[in-house]
1. Find the relative contact order for the chain and round it to a whole percent, using C-alpha pairs within less than 8 Å whose residues are 6+ positions apart.
2. Lys pairs in the chain, Cα-Cα under 14 Å, at least 8 apart or on separate chains: how many?
3. Going by average Cβ neighbours within 10 Å, how do the peptides 172-180, 66-74 rank, with the highest at the top?
4. To the nearest 0.05, how large is the calculated FRET efficiency for residue 166 and residue 104 if R₀ is 51 Å and r is the Cβ-Cβ distance?
5. Do the sum for the chain: with -39,500 (n - 2.57) for every DSSP H run of n ≥ 4, divided by all residues, what is the mean residue ellipticity at 222 nm, to the nearest 500 deg cm²/dmol?
6. Go through 239, 333, 251 and say which Cα lies farthest out towards the positive end of the charge dipole of the stretch 220-355; charges sit on Cβ, +1 for Lys and Arg, -1 for Asp and Glu.
7. Work out the length of the dipole vector of the stretch 1-139 about its Cα centre, built from +1 on the beta-carbon of each Lys and Arg and -1 on the beta-carbon of each Asp and Glu, and round it to the nearest 20 debye.
8. Among 209-222, 251-264, 127-140, how do they line up by average Cβ neighbours within 10 Å per residue, starting with the highest?
Amino acid sequence: MGLAPDIVETLARARADLRMGVPIVLTGPVSVIAVAVETLSPERLAAIRALGSDVVLALTGWRAQTLKARAYDGDVARIAVPDAVALGWLQALADPADDLSTPMKGPLNSVREGDAAPHRAAVQMCKAARLLPAALCAEVADGLAFAAENGLTAVPLALAAPLLGAQSPLHAVVSARLPMEVSEAGRLHVFRPEDGGEEHYAIEIGRPDRAAPVLARLHSACFTGDLMGSLKCDCGPQLRAALAQMGVEGTGVLLYLNQEGRGIGLANKMRAYSLQDQGFDTVEANHRLGFDDDERDFRLGADILKSLGFKSVRLLTNNPAKIAMMEKSGVSVTERVPLKVGQTPQNADYLATKAAKSGHLL
């Protein structure tokens, strides 16, 4: 292997560029320059327009549905960008914050012809960068040469497409003893994905028998609930109750997965909270932002459990999707252990939505 980055490293570099507002170039039979709308500046918008190509806004099918725009490509819509519109017009299409105050944003003309693969990849990369899933795109004649001339990251679409949305392999980094309130016999394991994404953690209580089902919980990070004691969700109480039960039993494993806001990141989660204040439920808010109901990947938890030597679990959860994913990933769930804590007047609607739309057993 030489000094140049491979495709996984190139994608990590591209995600960082998008977060900084720097365009990337998706190269292939049709090459496209793409930049995240959330971090786009007026100067770069003008520079992309000056290229002379048709400019389109790539959005998810969910966001297009909210905007009453046609998504001819199914999960992605390509909206033609008029020459006269300013950056604010693009931001209003990407961010639903003012949808109720200015519901009529059209007419919006969707592009039907041509290959949408580069635009789909651009939206997926915005998601992976924890940005709003909206990208401004324009074709360029020779993608590799254009990227080299402008110092931009070139992403070969043929190599990147299979990796977008795929699970990155995890590797153990370090583990150390961690005495905790619930048990002095605690140990923290840190796992790092190959793709440069967020690290994930396993908190092991006691010395669980690898040959027997271990009491386990897959817990997605929740800054507002776990750390700040938010009353809008039941995450903090679930975290503490799970650890407490493991402490009482003397053994257990809690997987702390950095998948904030059902996998959309803290900033987008706060955007969803703002939409909930406007009257939308959790799922509706995610859709208006352009995300699926749940963007998390519970295979991460299964991989960590298997790497620690566990083949079966007693899973602390109210979510049947976690059980199904464990079984599908090769970890047997011998028992579902209910975890019904943390109900408050402030999260009653949130819990009702989890039960009605996400199938949680509450």
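The values are calculated or read from the model by the stated rules, or taken from the named source; none is laboratory data. In this text the structure is predicted, and so the values were computed from the model without any measurement. A quick note on method: Cβ atoms are made from the backbone with ideal geometry, for glycine too, and the neighbour counts reach across all protein chains shown. To get the accessible areas, we keep the full protein, side chains included, count just its heavy atoms, and leave off ligands, DNA and RNA. Shrake-Rupley method; radii C 1.70, N 1.55, O 1.52, S 1.80 Å.
1. Working: 694 pairs, mean separation 59.9, N = 362.
For the chain, the relative contact order is 17 percent.
2. On the way: 68/105; 127/269; 232/269; 232/354; 306/328; 311/328; 322/354; 340/354.
Lysine pairs meeting the criterion: 8.
3. Details: 172-180: 11.8, 66-74: 17.7.
Answer by packing, highest mean first, reads 66-74, 172-180.
4. Values: r = 39 Å, r/R0 = 0.76.
Once the sixth-power term is evaluated, E becomes 0.85.
5. Details: 14 runs with 128 residues, N = 362.
Result for the chain, helices only: -10000 deg cm²/dmol.
6. Positive-most Cα among the choices belongs to 251.
7. Numbers: 14 positive and 15 negative charges, 46 e Å.
Here the size comes out at about 220 debye.
8. Values: 209-222: 20.1, 251-264: 21.8, 127-140: 23.7.
Ranking, from highest mean packing down: 127-140, 251-264, 209-222.
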